[in-house]
Amino acid sequence: MPVDHYENFPVASWLLPPRLRHPIEVIYHFARSADDFADEGDLLPSERIQLLDGYSLELDAIAANADTNAPMFLSLGKVIRENQLPMKLFHDLLDAFKQDVTKTRYANFAELIDYCRRSADPIGRLLLHLNHAATPENLLMSDQICSALQLINHWQDVAVDWQKNDGGRVYLPQDELQQFGLSDADIANCNTNTAWQNMMRFQCQRARQMLQEGKPLGRVLRGRMAAELRIIIAGGATILDKIDAADGDIFRHRPKLNKWDWLKAAPRALLPL
């Protein structure tokens, strides 16, 4: 199932310490392929769940030191063992991807952030474990950053997600849509009235605040890992700026990061936030 992916944020970029690039690439391959099972192609929901259950069984085999013939899981098992990575984080990712198959609406922000805790936060936590920096304080800051980045991705992809799952997948909390006098119909009709603009401004501001709360991690970490984190945070903030500049009209102006954006963000990688 070949899929062409646009990625907002660098994956195992040149900024990372060389020793981390291969482990991160292996983890990314696992997460990306599992996410595609949930999102891409024309599979039935039952077929998607079956594929994800197969990944769960492979993780169980890794935990039990059992044999596998799957090259990706051979590599993943080696990375997990060599770095003593928590298996729960990989299972959390699969749990979130399974949820994407069956859940298309979120009643409130608490439900949405619970999803982010499993769909995004495990990646940051795994990076901290790889970097031997998984202190309780660092993990909390990482969670804020990763959840914020997940929310930013949702807000830039409101129109894209609406096209999924025969009737749309909506990550905007339903109660907050109602508070602004909006509904799913406004997404279907690409409505960008004042109420929509105010709602999107609210969503972006909350994500921006979460990035701010996680920013100190860019000073706590050292070296290339810190530089990678700082440029990712800068990229996330740039997407939010683009959404605000378009008055929340992500239907006609889906924000993307281009080479010029990365060039402008690069100096932030060299200086503490």
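Here are the numbers for this structure:
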read-out: For region 40-103 and region 197-241, distance of Cα centres in Å; value: 29
read-out: Debye, to nearest 20: dipole size of region 153-249, +1 on Lys, Arg Cβ, -1 on Asp, Glu Cβ; value: 760
read-out: Heavy atoms of K103 accessible to a 1.4 Å probe, total area in Å² rounded to 10; value: 60
read-out: Accessible area of region 1-155 belonging to carbon and sulfur atoms, whole % at 1.4 Å probe; value: 55
read-out: Span-like helix ranges in the chain, DSSP H, alpha carbon extent 20 angstrom or more, Kyte mean at least 0.5; value: 223-245
read-out: MRE, 222 nm, helices only [DSSP H, n ≥ 4, -39500 (n - 2.57), over the chain, to nearest 500]; value: -22000 deg cm²/dmol
read-out: Protein-only accessible surface order, largest first, of T135, T238 at 1.4 Å; value: T135, T238
read-out: Average accessible area per residue (Å²) across the chain - probe 1.4 Å, nucleic acids and ligands excluded; value: 48
read-out: Candidate values (1) 0.96; (2) 1.14; (3) 1.01, label of the one derived for Cα Rg over 2.2 N^0.38 Å; value: (3)
read-out: Subset of K103/K242; K88/K164; K215/K256; K103/K264; K215/K242 violating a 31 Å alpha-carbon distance limit; value: K103/K264
read-out: Simple Cβ-charge dipole of the chain, Lys/Arg +1 and Asp/Glu -1, about Cα centre, in debye nearest 20; value: 1260
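The values are calculated or read from the model by the stated rules, or taken from the named source; none is laboratory data. Since this is a predicted model, take the numbers as computed values, not measurements. Neighbour counts run over all protein chains shown; Cβ positions are idealised from the backbone, glycine included. SASA here: full protein model, heavy atoms, side chains in, ligands and nucleic acids out. Shrake-Rupley method; radii C 1.70, N 1.55, O 1.52, S 1.80 Å.
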